[in-house]
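Q: Handing you a structure now.
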Amino acid sequence: MDDFHYEGGDLYCEDVPLAEIAQGAGTPTYVYSHAALERAYRDLDDAFGDLDHLVCYAVKANGNLAILRALASFGAGADIVSGGELYRVMRAGFDPKKVVFAGVGKTEQELMAGLGERILLFNVESASELDHLERYAFRHGKKARVSLRVNPNVDAETHEHITTGRERDKFGIPVDEALTLADRIKEFKCVDLIGVHQHIGSQITKIGPHAEAIEKSAGLVDELKRRGFDIKYFNIGGGLGIRYKDEDVPTAKDLVDAVRPTLEPLAAGGTKILCEMGRYIAGNAGALLTSVIYRKKSGEKSFIVADAGMNDLLRPSLYDAHHEVRAACEDGALANADLVGPVCESGDYLARDRDLPDAAEGDLLAVMSAGAYGFSMASNYNSRPRPAEVMVRGDSWAVVREREHNADLIKGELVPAFL
């Protein structure tokens, strides 16, 4: 059963009516289903079957401590891209030996933090980063375990802003350069090359690009082993898409079955398979609740003005992304309109030129599939406090992030004495 579903005309998350949450926590509010998180994680974990593997949750999708704590309890690892995310996963209880650190611009402070926590792997993305890591590790008597993130030059056929595996993208190292870099590592004292990593993008809805990229990168694993490197980990990346509208999306099992012939020989040779899924785990586990403030017409155009805007959920404005909009109390009536927010931008919308629930002022709407890249991309633009977050488990719910208030907007700001 869908964890967001109607009962008697009322929209529920698991066993809790969303209207109850809105009444208690206010709007805008993000609501997350514990059951949906666990189901998505288990589906992914089970898809690998008897292959030695570790599912690492991509924290950038949604870093709320309650979500992280739940995933750590399921046995997940963590894929991080900043020192702040490292801090979060340590606070949430992740085993540092299940943490991999990616990103093209890791600072000295971030590299040192990872070394200090003795994380599993740094995914190194350039020769310069590798030199810095060797220098810092040597200076402080540490040993850095690294994977080389390769760029397989494969187009993920997804949105331009979330494609990462082409040679013109900023991520990774070309395969031929990775071999040269590996030879340099032999001279290093404080860096161990024990992994290969690749990731070609996000919201990928076709198996072909995944399979092509994984096969190319697996070839590098074999070559490095032939050159004497003990490659213990092969990270196949993430990016498996979810259904937002009517996409024909592959399942986790579809993906793993397609690449199993490539992965099985590596696993048989002692290489553990890692993956880094964020959207697939969190995306459909969340919804954004918003209340209708006004109804407005401009000529033939109809607007539903809500209290959530692009600062709360940026994906529609940034990517022209589609999110289903449901009424908290279903009566079937629809109206062609734009669902817009209060932000002072023409690009501030949650849905545009769509048949939407014909909501009256004061009605509650739910913007679906907002668990990934929703709150994590939220901002205080227009000096708007960020929304609350709520976790639901069965018939219980709790606020897992308090709503920001105006005082939070100026926390840390100082007016100098000369003003």
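Q: Look at the stretch 377-418 and say how many of its residues are of a type outside the set (A, V, I, L, M, F, W, C), under 29 Å from Asp15 (Cβ atoms) and surrounded by 17 or more Cβ atoms within 10 Å (Cβ to Cβ).
A: 5
Q: From the set of residues in the stretch 385-402 that are within 10 Å of Val16 (Cβ to Cβ) and in a strand (DSSP E or B), which is nearest to the chain's Cα centre (by Cα)?
A: Per the stated criteria, the residue is Val390.
Q: Of everything in the stretch 214-229 that's in contact (Cβ under 8 Å) with a residue 40 or more places away in the chain and in a loop (DSSP other than H, G, I, E, B), which residue is surrounded by the most Cβ atoms within 10 Å (Cβ to Cβ)?
A: This residue is Phe229.
Q: Sticking with this structure for a sec: Mind listing just one residue for me: the one in the stretch 233-263 that is over 30 Å from Arg352 (Cα atoms) and outside any helix (DSSP H, G or I) and, of those, nearest to the chain's Cα centre (by Cα)?
A: That would be Gly237.
Quick grid of which residues meet (1) under 21 Å from His5 (Cα atoms); (2) of a type outside the set (D, E, K, R); (3) without any contact (Cβ under 8 Å) to a residue 60 or more places away in the chain:
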residue: Leu313; (1), (2), (3): no, yes, no
residue: Arg326; (1), (2), (3): yes, no, no
residue: Cys344; (1), (2), (3): no, yes, yes
residue: Asn382; (1), (2), (3): no, yes, no
residue: Pro385; (1), (2), (3): no, yes, yes
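Q: Right, next: Does the stretch 316-325 contain at least one residue that is more than 19 Å from the chain's Cα centre (by Cα), of a type in the set (Phe, Trp, Tyr) and outside the structural domain of Leu224 (by TED's automatic domain parsing)?
A: Checking the stretch 316-325: not a single residue is more than 19 Å from the chain's Cα centre (by Cα), of a type in the set (Phe, Trp, Tyr) and outside the structural domain of Leu224 (by TED's automatic domain parsing).
Residue-wise test of (1) acidic (Asp, Glu); (2) under 14 Å from Ile281 (Cβ atoms); (3) assigned by TED's automatic domain parsing to the domain that holds Asn123.
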position: Leu11; (1), (2), (3): no, no, no
position: Val16; (1), (2), (3): no, no, no
position: Glu20; (1), (2), (3): yes, no, no
position: Asp52; (1), (2), (3): yes, no, no
position: Ala58; (1), (2), (3): no, yes, no
position: Ala70; (1), (2), (3): no, yes, yes
position: Leu86; (1), (2), (3): no, no, yes
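Q: May I pose another question? Looking at the stretch 184-213, which of its residues are at pLDDT below 90 and part of a helix (DSSP H, G or I)?
A: Matches in the stretch 184-213: Ile207, Gly208, Pro209, His210, Ala211, Glu212, Ala213.
Q: Among Val55, Val104, Val124, which is within 15 Å of Met277 (Cβ to Cβ) and not hydroxyl-bearing (Ser, Thr, Tyr)?
A: It is Val55.
Q: If you scan the stretch 1-14, which residues turn out to be part of a loop (DSSP other than H, G, I, E, B) and either more than 19 Å from Ala40 (Cβ to Cβ) or free of Cβ contacts under 8 Å to residues at least 40 places away in the same chain (or both)?
A: Listed by number, the residues that qualify are Met1, Asp2, Gly8, Gly9.
Q: Name every residue in the stretch 355-376 that is under 15 Å from Arg295 (Cβ atoms) and either of a type in the set (Gly, Ala, Ser) or not in a loop (DSSP other than H, G, I, E, B) (or both), in order of residue number.
A: If the condition is that a residue be under 15 Å from Arg295 (Cβ atoms) and either of a type in the set (Gly, Ala, Ser) or not in a loop (DSSP other than H, G, I, E, B) (or both), then Leu356, Pro357, Ala359, Ala360, Gly362, Leu364, Leu365 are the ones that fit.
Q: So, one more: For Asp348, are the conditions met, namely being crowded, with 17+ Cβ neighbours inside 10 Å, over 16 Å from Tyr30 (Cβ atoms) and of a type in the set (D, E, K, R)?
A: The answer is yes for Asp348.
The values are calculated or read from the model by the stated rules, or taken from the named source; none is laboratory data. These figures come from a predicted structure and were not determined experimentally. Backbone-built Cβ (ideal geometry, glycine too); neighbour counts: all protein chains shown.
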